[in-house]
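The values are calculated or read from the model by the stated rules, or taken from the named source; none is laboratory data. Source: prediction; values computed, not measured. Note that we place each Cβ from the backbone using ideal geometry, even for glycine, and neighbour counts take in every protein chain shown. Remember, those area values only see protein heavy atoms, side chains included, never the ligands or the DNA or RNA. Shrake-Rupley method; radii C 1.70, N 1.55, O 1.52, S 1.80 Å.
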Amino acid sequence: MADRRNIPDEVDTAVIGGGVTGLSLSWMLAEQGVDVVVLDDGRHAGSTANAGSLHVQMQSRFIRLYPEAAPAVEAALPVYVMAVREWFRLADRIGRPVGLDASGGLMVAETDEQLSFLAAKCDREKVLGLDVEMLDRTDLDRAAPYLGPAVIGAELCHHEGKVNPLLANQAIRAAAIEAGARCLDNVTVDALTRTGGSWEISAGSKTFCAGRVVIAAGARSGSLVEPLGIKLPMRSEPLHMNITAPAEPFIGHLVQHADRMITLKQLGSGNVVIGGGWPSRLTDIDQPLHVLRESLVGNVSLSAHVVPAIGGLDVIRTWAGVNPSLDGLCVLGEAPDHAGLYFAIGGDAGYTLGPLVARLTADIMTGVPTEIDLVPYAVARFEGNF
Ligand SMILES: Cc1cc2nc3c(=O)[nH]c(=O)nc-3n(C[C@H](O)[C@H](O)[C@H](O)COP(=O)(O)OP(=O)(O)OC[C@H]3O[C@@H](n4cnc5c(N)ncnc54)[C@H](O)[C@@H]3O)c2cc1C
């Protein structure tokens, strides 16, 4: 049932997209007394499909898939350290459980070649200020005895961890509403038009005005601003996820692989969440996704190879989601030549970045100096813009 009847005629700030970023931003703005509405159409949200990994070290998956973008993402890794810190700040302030912990992330190797790749990566990440170290098999027997015999070593990133998206999304939304934000569901924003000093927002048969608009629409952000002549070369990656029945706690880390598509962790609830980039099928961004049997079997089999005890657990649910991705970097700030139009879009691992992207955007919008230089994240970096 659409919330269209509740759309106001006029609002100070309209946030388009009620994922982790849009909701966190609405909460932060509402807390500062800003009159804010968040509009969400409930389709293809990364926030409701993601794995809850808090990523900090460079993901080998990203290097394999997008080598041309890897150097820029690597340079931005300190931002991910800030992003985990922001999750802790959020968890402290929100007063509801979000399932957050940062007990470290292991990227495991099975061959000498993979180990050398990790050692070189570890050295570069130390230079960037990350708290990372290499562990050999003896270290792993002590720190991560759950790993299978094929693993010969790993890079440990102490910043990494996990959050439970099912808890966190609810908690952030409740906090936003408590602070005074209005969250309107099942409302699709069709068009944005600059008229006079404000933005006219068309949502179905309803049109209303906002002084400021924030684009936090994940994978569909690009199509919202294209009619304004702004290019956001969004990629929509259809991905696959599995989750097991709860088990006694036995996996302490976020676990990834140096060369294979696997990411897994055990939530506080005991369930093991398994993903890592296996594909689902997306025919059209406006259509539902299809789970692929090969991904289900391949992903679960690989997880049991890396952590054999997973082989004894039942998979209770499997799902697909769209990962919004651009050139690996966030898009932040006000669009030049479009006063009052702001972007709040995470880069790679956008759930990790969500609360930080929100805080930086809230700072920009309320005139607080930001903790980082925003130039690399400006929308102007895309060819053909401005
Ligand atoms: C399977 C999977 C696993 C992932 N795992 C991780 C992980 O472990 N760690 C990590 O850091 N990241 C992960 N990601 C990436 C992460 O989920 C996303 O980057 C992140 O959730 C993006 O958050 P967001 O709030 O920016 O966008 P979203 O959560 O996508 O929210 C955008 C919202 O905008 C709405 N919207 C779009 N267009 C309109 C419109 N025109 N009108 C109204 N509403 C609109 C959508 O319905 C959606 O609800 C994963 C992604 C997937 C798919």
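Summary of values
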read-out	value
Residue that is farthest from the ligand (Cβ to nearest atom) [pool: residues in the stretch 209-244 that are assigned to a loop (DSSP other than H, G, I, E, B) and surrounded by 18 or more Cβ atoms within 10 Å (Cβ to Cβ)]	ILE230
Residue match in the stretch 319-339 (condition: at pLDDT 95 or above, of a type in the set (Val, Ile, Thr) and part of a helix (DSSP H, G or I))	no
Residues that are hydroxyl-bearing (Ser, Thr, Tyr) and near the ligand (Cβ under 6 Å from one of its atoms), drawn from the stretch 1-58	THR21, SER47, SER53
So ILE285, is it away from the ligand (no atom under 16 Å from the Cβ) and of a type in the set (A, V, I, L, M, F, W, C)	no
Close pairs (8 angstrom Cβ cut-off, 6 or more residues apart or separate chains): on the phi > 0 side of the Ramachandran plot in the stretch 50-65, in a loop (DSSP other than H, G, I, E, B) and of a type outside the set (S, T, N, Q) anywhere	GLY52/GLY99; GLY52/VAL163; GLY52/LEU267
Index of the failed condition, GLY196 passing every other in (1) in contact with a Ser or Thr (Cβ under 9 Å, 6 or more places away or on another chain); (2) among the small types (Gly, Ala, Ser); (3) modelled with pLDDT under 95	(1)
Failed item, numbered, when LYS206 is tested on (1) in contact with a Gly (Cβ under 8 Å, 6 or more places away or on another chain); (2) over 24 Å from ALA83 (Cβ atoms); (3) open to solvent by 30 Å² or more (accessible area, probe 1.4 Å)	(1)
Subset tally (residues that are part of a loop (DSSP other than H, G, I, E, B) and free of Cβ contacts under 8 Å to residues at least 24 places away in the same chain) for the stretch 270-302	4
Test: residue in the stretch 70-84 that is free of Cβ contacts under 8 Å to residues at least 40 places away in the same chain, out of contact with any Ser or Thr (no Cβ under 7 Å at 6 or more places or on another chain) and surrounded by fewer than 19 Cβ atoms within 10 Å (Cβ to Cβ)	yes
Helices (runs of 4 or more DSSP H) wholly inside the stretch 61-142 that include at least 1 residues being closer than 22 Å to GLY268 by Cα and either at pLDDT below 95 or touching a strand residue (DSSP E or B) at 6+ places or on another chain (Cβ under 6 Å) (or both)	77-94
In the stretch 350-364, residue most open to solvent (accessible area, probe 1.4 Å) [restricted to those that are within 12 Å of VAL84 (Cβ to Cβ) and near the ligand (Cβ under 9 Å from one of its atoms)]	TYR351
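Here is a yes/no grid of residues against (1) open to solvent by 60 Å² or more (accessible area, probe 1.4 Å); (2) within 16 Å of the ligand (Cβ to nearest atom); (3) at pLDDT below 95; (4) closer than 30 Å to TRP27 by Cα:
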residue: PRO149; (1), (2), (3), (4): yes, no, no, no
residue: ALA154; (1), (2), (3), (4): no, no, no, no
residue: HIS159; (1), (2), (3), (4): no, yes, no, yes
residue: ASN169; (1), (2), (3), (4): no, yes, no, yes
residue: ASP190; (1), (2), (3), (4): yes, yes, no, yes
